[in-house]
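Just so it is clear, none of the values below were taken in a lab; they were calculated from the coordinates. Everything numeric in this text was worked out from a predicted model, so none of it was measured. Counting neighbours? That spans all protein chains shown, and the Cβs are built from the backbone with ideal geometry, glycine included.
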Amino acid sequence: MLTSAGCEYMLCPLMPETTPAVEIRNLVKDFKTSFRHKPLRAVDDVSIRIMPGEVYGLIGPNGSGKSTTMKALLGLVAPTSGKCAIFGKDSLMVDSRNEVGFLPENPYFYKHLSGAETLRFYGKLCGLAGKDLAGRVNEMLALVDLEGARDRRIGGYSKGMLQRIGLAQALIQEPRLVILDEPTAGVDPVGSRQIRDLILKLRDRGITVFLCSHLLEQVQEVCDHVGIIFQGRMIREGRLEELISIEDQTDIVLKDATPELIAKITALVEDTPGASVVRTGKPRTTLERLFLREIRDEEQ
Amino acid sequence: MSTPTSIPMQGSHFSRILTISTHTFTQLVRMKVFYFLAIFAVIAIASNFFELPQHEGPEAVGANVLRSIKSWSLGAMTLFSVVLSIVATALLLPKDVEDRTLYTILAKPVPRFDYLAGKLLGVLLLVFVSLALMDGLMTAVLHIRTGMVVAEQTEMAQAMGWPQDAIASLRADTLAHGPDASLQGAVFAVFLRASIMASLALLISTFSTSTLFTTIVSFLIYFIGHFQADARDVWLQAGQAGEGVFARLASLLLALVLPDFQLFNVIDAVIQGEALPLLALGKLTLVGVYYALFFTFASWFIFADKEF
């Protein structure tokens with residue numbers, strides 16, 4: 001990814017290969033409040049560039065400006081200053097939304113529609129019809145594993161199912177960019193894992209994903225680029241690996257190592273000038289992985 | 001999943017508006033709003049038996065019953081259509097915002113005008129279908145009752161030894177109160193009035209913060225619309241005010257913005273058995289379409305810049 005420090009932002013509509021999927025340039029968003037004379041600045045000079053195929057995670061605490069940034073990108077709010085573009089098209093133009101799928105935080109769809117009807121509705125809005133539409137609806141229901149609930153009213157869906165049908169509607173027109181606002185908020189670990197697997201599938205297919213979350217572990221698992229936003233300002237941005245690696249330390253993970261071997265290695269390190277053993281011990285799984293494994297074992 | 005190539009967009013404004021309007025219609029139908037049709041059926045049938053004060057001869061009794069059926073039925077149609085158009089429209093927009101379904105719709109390539117027009121047309125489709133069903137029931141009841149009244153009157157007149165031309169005249173007078181084209185025109189006028197109210201409720205809901213506010217203000221404007229023409233006349237004719245250019249311009253502006261529902265008094269004339277001329281209906285249609293379009297475009301003007 002090209003960061004703000006590394007390149008000058010340019011909109012390049014005639015060069016599809018180099019056109020960023022998302023380009024947010026010096027975005028500022030102020031909201032008028034009735035309680036304060038001074039407007040509330042929700043987003044303060046934020047710039048983000050996401051190239052096609054990348055999975056970008058915008059992380060930050062609640063109220064830091066993540067959702068407002070996404071809404072500005074989707075044209076749901078107008079920037080006070082700055083510009084947002086999707087594949088080179090200004091976000092305030094309707095045609096910029098041809099290439100985008102969006103899943104808002106805690107979405108509620110029309111409760112009177114079934115899962116299949118919901119997808120048909122969104123598909124028709126995107127210009128799909130006939131066999132193309134029917135095919136896409138079936139494909140999306142299979143993708144999010146909701147074929148069994150296709151004719152059930154959305155009102156009877158669980159939280160995790162709602163998120164998955166939301167993801168399916170976001171993908172219905174086969175967009176090149178998917179924007180996910182807190183995609184796993186309020187979902188249990190199993191549902192959360194399913195959604196993360198779906199995001200990984202999208203990444204494998206070359207679809208650009210822009211997600212925001214305050215669940216850091218999940219972002220770390222799926223994103224290759226991250227930005228940290230705090231009080232409306234972007235305070236850190238870059239490749240995930242580069243941001244989280246500790247440059248002066250190295251991991252060596254051994255299998256079936258005897259205590260004697262570990263003692264030998266430790267002694268070797270201690271004999272080397274400038275090097276030291278920081279920590280030895282057994283790697284631990286995460287509580288989430290343990291939970292998922294136990295659930296799976298119980299089901300079998 | 002297939003390859004990640006972008007699907008070319010083939011959707012037109014028309015298809016998107018159609019999608020949203022049929023969806024809105026389905027949404028309202030599944031809210032079980034058609035239950036009120038059962039109430040209407042009771043009113044239409046019960047109106048056969050309402051006793052009206054009788055000061056005329058026995059030959060007028062039948063015509064009064066027919067007038068009663070028309071009056072109660074058209075009154076119920078007006079009530080249901082206006083309530084339905086205001087409440088349904090006031091409900092839809094805030095609900096979509098609250099449930100965030102609006103985000104998912106506007107995040108698709110859907111112009112905001114298409115969304116508004118689709119919602120409004122969905123409500124109008126519901127009102128139209130409701131009125132058509134009520135009209136069918138009223139026409140059926142009126143047709144059957146007219147036949148019974150004509151038979152009773154003919155029998156009575158023959159028993160009293162009326163001449164044939166007098167019997168024919170009485171029959172013609174009674175049939176004028178039966179189902180005819182003017183009655184259908186009156187039902188269409190009811191639909192036009194409901195359309196104006198639905199588009200007005202849409203306009204208010206674009207800046208209102210609650211469904212209750214939209215509903216109350218819409219009903220207030222509905223009632224104001226019934227006497228605004230009188231109020232303007234009184235103002236213009238009172239003293240010096242009416243002579244000023246400003247007063248006349250203000251009056252014109254008021255008439256352009258606030259619908260004059262006295263124009264719809266033709267419905268009352270139809271109840272009394274008068275014919276509704278095609279020209280009058282045409283004029284009423286133009287007025288209805290003008291206000292509906294004016295309020296819809298005003299809604300769009302506000303909604304286009306609204307932030308969510």
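Over chain A, what is the relative contact order in percent, taking alpha-carbon pairs closer than 8 angstrom and at least six residues apart?
Numbers: 504 pairs, mean separation 64.4, N = 300.
Relative contact order of chain A: 21 percent.
Using every pair of alpha-carbon atoms in region A:176-300, split the distances into 10 Å bins beginning at 0 and state the percent of pairs per bin, rounded to integers.
Using 10 Å bins, I get a P(r) of 9, 28, 27, 22, 12, 1 for region A:176-300.
Could you state the number of Å between the C-alpha centres of region A:207-229 and region A:23-72?
Each part's Cα centre sits 15 Å from the other's.
Compute the Rg/Rh shape ratio of region A:64-207: radius of gyration over Kirkwood radius, all on alpha-carbon atoms.
So for region A:64-207, dividing Rg by the Kirkwood Rh gives 0.96.
So what does the Cα-only Debye profile of region B:62-185 read at q = 0.20, 0.22 Å⁻¹, as log10 I(q)/I(0), no solvent term?
Log10 of I(q)/I(0), two decimals: -1.05, -1.16.
Helix A:130-143 sits at what angle to the longest principal axis of chain A, using alpha carbons and giving 0 to 90 degrees rounded to 10?
30 degrees
Debye sum, Cα scatterers, region A:15-95, no solvent: what log₁₀ I/I(0) at q = 0.15, 0.18, 0.26 1/Å?
Those come out to -0.54, -0.75, -1.31, one per q.
Inverting the mean 1/r over all pairs of different Cα atoms, compute the Kirkwood radius of the protein assembly as shown and quote it in Å.
29.1 Å
Return the equivalent ellipsoid semi-axes of region B:147-232 as a descending list in whole Å, where each equals the square root of 5 times an eigenvalue of the C-alpha gyration tensor.
Semi-axes (√(5λ), whole Å): 49, 13, 11.
Only helical DSSP H runs with n ≥ 4 go in: add -39500 (n - 2.57) per run for chain B, normalise by residue count and round the 222 nm mean residue ellipticity to 500 deg cm²/dmol.
Taking each H run of at least 4 residues, the total per residue is -26000 deg cm²/dmol.
Report, in cubic angstrom per residue, the convex hull volume of the C-alpha atoms of region A:210-258.
So the per-residue hull volume is 122 Å³.
Can you pull the three principal axis extents for the Cα set of region B:181-225, in Å, largest first?
Taking the Cα atoms of region B:181-225, the three principal extents are 43, 18, 13 Å.
Would you look at the GNM of chain B, springs on alpha carbons closer than 10 Å, and say which of B:Gln158, B:Gln228, B:Gln27 moves the most?
Largest GNM mean-square fluctuation: B:Gln158.
Take the Cα radius of gyration of region B:253-295 and divide it by 2.2 N^0.38 Å, with N its residue count; two decimals is plenty.
1.27
Can you give the angle from 0 to 90° between the axis of helix A:259-271 and the longest principal axis of chain A, with both taken from C-alpha atoms, to the nearest 10?
With both axes taken from Cα atoms, the answer is about 90 degrees.
If eta is 1.306 mPa s and T is 10 °C, what Stokes-Einstein diffusion coefficient results for region B:92-135, Kirkwood Rh from Cα pairs, in µm²/s?
In µm²/s, the coefficient rounds to 136.
Using the C-alpha atoms of region A:153-224, what convex hull volume per residue, in cubic angstrom, is computed? Don't jump to the answer; show the numbers that get you there.
Values: hull volume 6.1 nm³, N = 72.
Per-residue hull volume (Cα only) is 85 Å³.
Could you work out how far helix B:61-98 tilts from the main Cα principal axis of chain B, as a 0 to 90 degree angle to the nearest 10?
10 degrees
Taking a cut-off of 36 Å, what percent of all Cα-Cα pairs in chain A are separated by more than that?
Values: 12798 of 44850 pairs.
Taking all Cα-Cα pairs of chain A, the fraction more than 36 Å apart is 29 percent.
Which order do A:Leu211, B:Leu281 fall in if you start with the one that has the fewest other Cβ atoms within 10 Å?
So the ranking, lowest neighbour count to highest, is B:Leu281, A:Leu211.
Where does each of A:Asp132, B:Asp260 land when they are ranked from fewest to most other beta-carbon atoms within 10 angstrom?
A:Asp132, B:Asp260
Considering chain A as a Gaussian network with a 10 Å cut-off on Cα pairs, which listed residue, A:Ser245, A:Ser96, A:Ser114, attains the greatest mean-square fluctuation?
A:Ser245
Looking at chain A as a GNM with Cα springs under 10 Å, which of A:His214, A:His225, A:His112 has the largest mean-square fluctuation?
A:His112
Sorted from largest to smallest, which semi-axis lengths in Å does the alpha carbon gyration tensor of region A:54-142 give for its equivalent ellipsoid, taking the root of 5 times each eigenvalue?
Equivalent ellipsoid semi-axes, largest first: 28, 17, 12 Å.
Note down, for chain B, the three equivalent ellipsoid semi-axes (square root of 5 times each alpha carbon gyration tensor eigenvalue), biggest first, whole angstrom. Could the numbers behind the result be given before it?
Values: eigenvalues 376, 143, 50 Å².
For chain B, the ellipsoid semi-axes come out as 43, 27, 16 Å.
Which three lengths, in whole Å and largest first, does region B:216-308 cover when its Cα atoms are put on their principal axes?
That works out to 52, 37, 26 Å along the principal axes.
Anything over 32 Å Cα to Cα? Flag those among A:Lys38/A:Lys159; A:Lys111/A:Lys131; A:Lys201/B:Lys119, in the order listed.
A:Lys38/A:Lys159; A:Lys201/B:Lys119
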